[in-house]
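Following: one structure in structure tokens, then a few remarks.
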Amino acid sequence: MIIPEVINNYNVYDSKAKKLIGISGEVELPSLEAITDTIEAAGILGEVEDPVTGQFSSMKIKIPFSNLYTDQFNLMDTTNPPQLTLRGSMQVMNSATGGTDYVPVKIVTRGKSTTSSMGKLSKGKKGEPEIEMEVLYLKVMINNKITLELDKLNFKYVLNGKDMLAKIRSQC
């Protein structure tokens, strides 16, 4: 069995495969919060909050920079939403041998900038500006396998290779 340990290192690239400059050490990935409805009916003890398959609340990704730099401003263009690719190497341990290995992790996201913090100016210190983007598309690959693909604008939601919306699409 493989035990995930840490992200050993990662880089962030734009849609032209250009490595973004000045990104600080930590990108806050989006949370997937299912849209739910409360079910209350005869035969049910109380209430059940039931997720609606494929429907998610607003999702945000936060990209912090060390200081103001042109790449930050390129991400602000809402007329041409940027696609970002985060490529990392996850360090894993083999539970049978205790040996260390590395597994590729790739996260692709596309979205529109909703907040752009300019950070601060402080002599001899980082400015810490940040871009927050509304996620329209998200794909997560671990060890070269798609574990999640969500495309909010094109009715696509895939988990571990299973098309979660296939039956719904066939009925609409």
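Any read-out appearing in this document is the output of simple, stated calculations on the displayed coordinates, not a laboratory observation. In this text, all values refer to a predicted model and were calculated from it rather than measured experimentally. Reconstructed Cβ throughout: ideal geometry from the backbone, glycine too, with neighbour counts over all protein chains shown.
Annotations for the structure displayed:
- Normalised by residue count, the stretch 1-78 yields a Cα convex hull volume of 208 Å³ per residue.
- Fewest-first ordering of R169, R87 by other beta carbons within 10 Å of each residue's beta carbon gives R169, R87.
- Residue order, fewest to most surrounding Cβ atoms within 10 angstrom, among L68, L45, L121: L45, L121, L68
- Cα gyration tensor shape of the stretch 83-136, rounded if a/c is under 1.5, else prolate or oblate by comparing a/b with b/c: oblate
- For the stretch 133-172, the relative contact order works out to 26 percent when only alpha carbon pairs closer than 8 Å and six or more residues apart are counted.
- Global form of the chain, assessed from the alpha-carbon gyration tensor, a/c cut-off 1.5: oblate
- Relative contact order of the stretch 26-172: 19 percent, from C-alpha pairs under 8 Å at least 6 residues apart in sequence.
- Alpha-carbon centroids, the stretch 87-129 and the stretch 31-50: separation in whole Å: 35 Å
- Calculated SAXS-style log₁₀ I(q)/I(0) at q = 0.11, 0.17, 0.21 Å⁻¹ - the stretch 100-172, Debye, Cα scatterers: -0.48, -0.80, -0.93
- Estimated purely from DSSP H runs of n ≥ 4, each contributing -39500 (n - 2.57), the mean residue ellipticity at 222 nm for the chain is -1500 deg cm²/dmol once divided by its residues.
- Taking the fewest neighbouring Cβ atoms within 10 Å as the starting point, the ordered list for I7, I44, I63 is I44, I7, I63.
- Total charge dipole magnitude, the chain, about the Cα centre, Cβ charges on Lys, Arg, Asp, Glu only, Debye to nearest 20: 880 debye
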